[in-house]
Amino acid sequence: MTADDSVRLRPVQPGDLPRMCDLQLDPESNSMAVTIPRTKEAFAAHWAKVLDDPGITARVVLLGDAFVGNICCFPIDGQDHIGYWIDRAYWGMGIASRALHLLLGEVTKRPLVASAATSNGASIRVLVKCGFVIEEVRLSPASDRYPEREKAVLVLR
Ligand SMILES: CC(C)(COP(=O)(O)OP(=O)(O)OC[C@H]1O[C@@H](n2cnc3c(N)ncnc32)[C@H](O)[C@@H]1OP(=O)(O)O)[C@@H](O)C(=O)NCCC(=O)NCCS
């Protein structure tokens with residue numbers, strides 16, 4: 001079974017949130033993404049808004065029937081952004097690449113924007129394989145969600 005055959009997307013449902021919250025708390029994943037996880041309370045409040053917002057496309061990533069991550073398209077300041085997170089147990093199997101390919105078939109608006117820490121080679125590779133191009137590299141200041149980091153801004157036009 002390859003990721004190409006067996007990766008599927010479906011809408012995020014409230015029952016997925018505890019598992020998604022645990023994923024975003026994983027220290028190794030945060031170290032790779034150079035992110036600061038949300039507390040359980042902040043995560044619940046954030047996702048209550050997301051699930052209520054028809055402008056956001058939020059999908060669970062399934063491998064066969066197993067929950068392995070999530071991928072979303074969400075507006076920030078008038079631009080449509082892409083974000084994704086895969087369970088560490090499933091890294092390196094082509095799942096994020098396939099999930100992004102599937103999402104790009106579902107979300108047809110362009111341009112789409114994605115940001116990744118420049119140290120996050122795997123995420124940048126996933127985006128480039130799906131046609132995104134690095135348009136800017138800049139220092140991004142520390143916030144409640146990120147330490148200060150150098151980030152690449154990639155765009156699919
Ligand atoms: C980044 C992430 C989504 C990748 O998921 P994945 O399912 O392992 O990705 P894939 O297997 O589809 O593809 C990874 C690609 O990166 C490559 N890669 C892995 N490590 C790399 C590195 N350090 N530098 C460059 N490329 C790298 C792989 O070889 C593969 O490319 P290939 O298909 O050409 O061989 C996953 O590691 C993750 O969720 N990390 C934590 C959260 C995160 O970083 N989210 C993105 C925030 S921008």
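Suppose only helical runs count, i.e. DSSP H with n ≥ 4. What mean residue ellipticity at 222 nm does that imply for the chain under -39500 (n - 2.57) per run, divided by all residues and rounded to the nearest 500 deg cm²/dmol?
-9000 deg cm²/dmol
Return, for the Cα atoms of region 1-51, the radius of gyration and Dmax in Å, separated by a comma.
Rg then Dmax for region 1-51, in Å: 13.3, 38.
Going Cα to Cα from residue 109, which lysines come in below 21 Å? Please leave out same-chain ones fewer than 8 positions away.
129
Using θ = phi - 60° and the Karplus curve 6.51 cos²θ - 1.76 cosθ + 1.60, what whole-Hz ³J(HN,Hα) does each residue of region 142-157 get, with Gly and Pro shown as x?
5, 9, 5, 9, 9, x, 4, 7, 8, 10, 9, 9, 10, 10, 10, 9
Which lysines, on any chain, are close to residue 40 with Cα under 22 Å apart, when same-chain ones fewer than 8 places away are left out?
Within the straight-line limit of under 22 Å, residue 40 reaches these lysines: 49.
Run the quick spin-label model on residue 150 and residue 4: label points 7 Å from Cα toward the beta carbon, then report their separation in nm to one decimal.
3.5 nm
Run the numbers for residue 30 and residue 138: contour at 0.36 nm per residue of separation, minus the present Cα-Cα distance, in nm.
Going from the current span to full extension adds 36.9 nm.
Less than 13 Å Cβ to Cβ from residue 104, Lys/Arg counted +1 and Asp/Glu -1: what total charge do the surrounding residues give?
Charge balance near residue 104 sits at +4.
Output wanted: per-residue J couplings in Hz (rounded whole) for region 87-99, from phi through Karplus 6.51 cos²θ - 1.76 cosθ + 1.60, θ = phi - 60°, x for Gly and Pro.
Values per residue, Gly and Pro as x: 4, 4, 5, 10, 5, x, 10, x, 6, 4, 4, 5, 5 Hz.
Using unit Cβ charges (K, R positive; D, E negative) and no other charged atoms, how large, in debye to the nearest 20, is the dipole of the chain about its Cα centre?
The dipole of the chain has a size of about 260 debye.
Given a Förster radius of 35 Å and the C-beta distance between residue 93 and residue 40 as r, what FRET efficiency does 1/(1 + (r/R0)^6) yield to the nearest 0.05?
Efficiency, from the Cβ-Cβ distance: 0.80.
What spacing in nm lies between the two simple spin-label points modelled at residue 52 and residue 79, each 7 Å away from Cα in the Cβ direction?
Computed distance between label sites residue 52 and residue 79 equals 2.8 nm.
Using only the alpha-carbon atoms, what does the chain span along each of its principal axes? Please give whole angstrom values in decreasing order.
For the chain, the Cα extents along the three principal axes come out at 39, 35, 31 Å.
How many percent of DSSP beta bridges within the chain run antiparallel, rounded to 5?
Just about 95 percent of them are antiparallel.
For the chain, what's the relative contact order in percent, using C-alpha pairs closer than 8 Å and at least 6 residues apart?
Answer for the chain is 23 percent.
Search the structure for amide H atoms under 5 Å from the amide H of residue 69, placed 1.01 Å from N in the peptide plane, and list their residues when 5 or more places away or on another chain.
The answer is 61, 87.
We did not get these values from a lab; they are worked out from the coordinates using the rules stated. Everything numeric in this text was worked out from a predicted model, so none of it was measured. FYI the Cβ positions are ideal-geometry reconstructions off the backbone, even for glycines, and counts take in every protein chain you see.
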